[in-house]
């Protein structure tokens, strides 16, 4: 047990408290998932699978963060693959495109390979430039022209959000520890994911309690102005209060990111809703019990990850 | 020994491949049989249909699950034959011998009498990707022989996209398996006449077609 205590003591204090807080939230949620259905049968039935899935997701995330950048890069490579596969399963493709789709999956490996060898320039040009060009020419060589432009657009949109954008989360783990003395690179990543998921939940809660005016009823009927603004404010305040413990940001930059990041999360959410509406599905798959598909859970992060990354790079990190 | 070998391969290789590499959503898992004799009947578009169906069953039931396949296809080469028998646990049907007076379903009947769960593709062939062919009567003949055994209909979507007939390239896409309520020969009010078999087959095919409506939309052409 001694080595375990030493190991835990070696984790930066903000992360210890962060993981502890998350654990407490999971315990409270799980107790509610057992108790609430007893008071109002039927209304809270999906809370139990939802909480069980949260345990698994938090366990994977914290486990990979503690193991270091190698484990985290592998985890996110797999997550990018799952997300891309889920997207390409639903989005229209043609019989001739199977080869190009397989190529797209292989490029997940190449993109994360750039993160593995810590080469930022390589990462920047892989998906948005060369995979972009190569996939276009490969699809042209299949010789089928009807639906060409629509299909290549569909494929490339998926590669950007699922592989390039999510890749930024994994690349943050390569931040040199000297630049982030507060909680290390793991602290930066934990803070991004925590704030993004907290923002989703805060908007949902505010909307549930005060929601009156719908933002865009034909895309996402549950989104209200009250929910969005209440959620933005709550998340923004949380971000500014916690930023000094997890990031090297000074006060005014943290106010700027705290004000903008929740809006980006909302944009990610509503963009995925528009895609789901177009494809005629409610959830993107049944992968995560109580939540839906991987894309349902990752939609906000696909938008917040690059923004958080670039804002940190601009205001605080020399590495990027 | 052979039994445990097959079970281990199916649990540690087949199931992770089906769920983690290809991706599988299951609807109506509670309708699956947990003991034999029973039949699971599904539409057939791809070799990975067998992989998908095997990965649906719990580890406890798996040793009793026996897919039925065409001998002329699966016993073609030595390696294929070994894999079919010892890893997939396949019961071969010598469909080329039909009309010779030999009972092609003899092995299937023995297995069912032994309490096994048969996995059958009533189309008898993989056919065109994501389209259903006419059903052969083998399932109905087995159901008539075991009138109380449940015949569970399963609709598989997307396997023809992962690996269509004639392609050696496996391209991962999520698949969906929709499992329906089992039907029984004894519930069909059958009187043992020949036409009853066609009625049973028609009913089974309609049921599987109806299950396809519960699968998510798939746009692929």
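Please treat every number below as a calculation from the coordinates, not as lab data. Note that the structure is a prediction, hence the values are computed from the model and not measured. Backbone-built Cβ (ideal geometry, glycine too); neighbour counts: all protein chains shown.
Here the convex hull built on the C-alpha positions of the stretch A:70-172 has a volume of 77 cubic angstrom per residue.
The orientation-averaged projected area of the convex hull spanned by the Cα atoms of the protein assembly as shown comes to 30.3 nm². Taking every DSSP bridge with both residues inside the stretch B:2-214, close to 20 percent are antiparallel. If the chain linking residue A:267 and residue A:122 were pulled fully straight, counting 0.36 nm for each residue of separation and taking away their Cα-Cα distance, it would gain 49.4 nm.
Can you give me the relative contact order of chain A as a percent, contacts being Cα pairs under 8 Å and 6 or more apart? Don't jump to the answer; show the numbers that get you there.
Values: 378 pairs, mean separation 61.3, N = 320.
Worked out over chain A, it gives 19 percent.
Spatial offset of the stretch A:58-76 relative to the stretch A:217-267 amounts to 25 Å, using the alpha carbon center of each.
If neighbour count is taken as other Cβ atoms inside 10 Å, put A:118, A:97 in order from fewest to most.
Numbers: A:118 13, A:97 26.
Arranged by neighbour count, lowest to highest, A:118, A:97 become A:118, A:97.
Just want the ordering: B:108, A:162, from fewest to most Cβ atoms lying within 10 Å of their own Cβ.
Values: B:108 23, A:162 27.
Least crowded to most crowded, the residues run B:108, A:162.
For the pair the stretch B:18-69 and the stretch A:1-51, the centres of their Cα atoms are 35 angstrom apart.
Residue by residue along B:209-220, Cβ atoms of other protein chains within 10 Å of the local Cβ number 3 on average. Each residue, residue A:67 and residue B:102, gets one label point 7 Å from its Cα in the Cβ direction; the gap between the two is 5.2 nm.
Sequence gap at least 6, Cα distance under 8 Å: using those rules, report the relative contact order of chain B to the nearest whole percent. Present the calculation step by step, with values, prior to reporting the outcome.
Values: 388 pairs, mean separation 61.6, N = 221.
Once divided by the residue count of chain B, the mean separation gives 28 percent.
Using only the Cα atoms of the stretch B:2-214, build the gyration tensor, take square roots of its eigenvalues as a ≥ b ≥ c, and label the shape rounded, prolate or oblate: rounded if a/c is under 1.5, else prolate if a/b is larger than b/c, else oblate. Rounded.
The helix-based estimate of mean residue ellipticity at 222 nm for chain B, built from -39,500 (n - 2.57) per DSSP H run of four or more residues and divided by its residue count, is -8000 deg cm²/dmol to the nearest 500. Note on residue A:201 and residue A:142: their simple-model spin labels are 4.1 nm apart, each label 7 Å out from Cα toward Cβ.
Let a ≥ b ≥ c be the square roots of the eigenvalues of the Cα gyration tensor of chain A; is it rounded (a/c under 1.5), or, if not, prolate (a/b larger than b/c) or oblate? Numbers along the way, then the final one.
Values: a/c = 1.61, a/b = 1.17, b/c = 1.37.
Oblate is the answer for chain A, as a/c is 1.5 or above yet b/c matches or exceeds a/b.
GNM, chain A, Cα, under 10 Å: largest mean-square fluctuation among A:236, A:268, A:63? For chain A, modelled as a Gaussian network with Cα springs under 10 Å, the answer is A:63. Put in order of Cβ neighbour count within 10 Å, fewest first, the listed residues B:183, A:28, B:9 become A:28, B:9, B:183.
The stretch between residue A:4 and residue A:78 holds 23.8 nm of extra length on full extension. This uses 0.36 nm per residue minus the Cα-Cα distance.
For chain B, modelled as a GNM whose springs connect Cα atoms under 10 angstrom apart, the maximal fluctuation among B:69, B:124, B:28 occurs at B:28. Applying 1/(1 + (r/R0)^6) with R0 = 25 Å to the Cβ-Cβ distance of residue B:59 and residue B:148 gives a FRET efficiency near 0.45.
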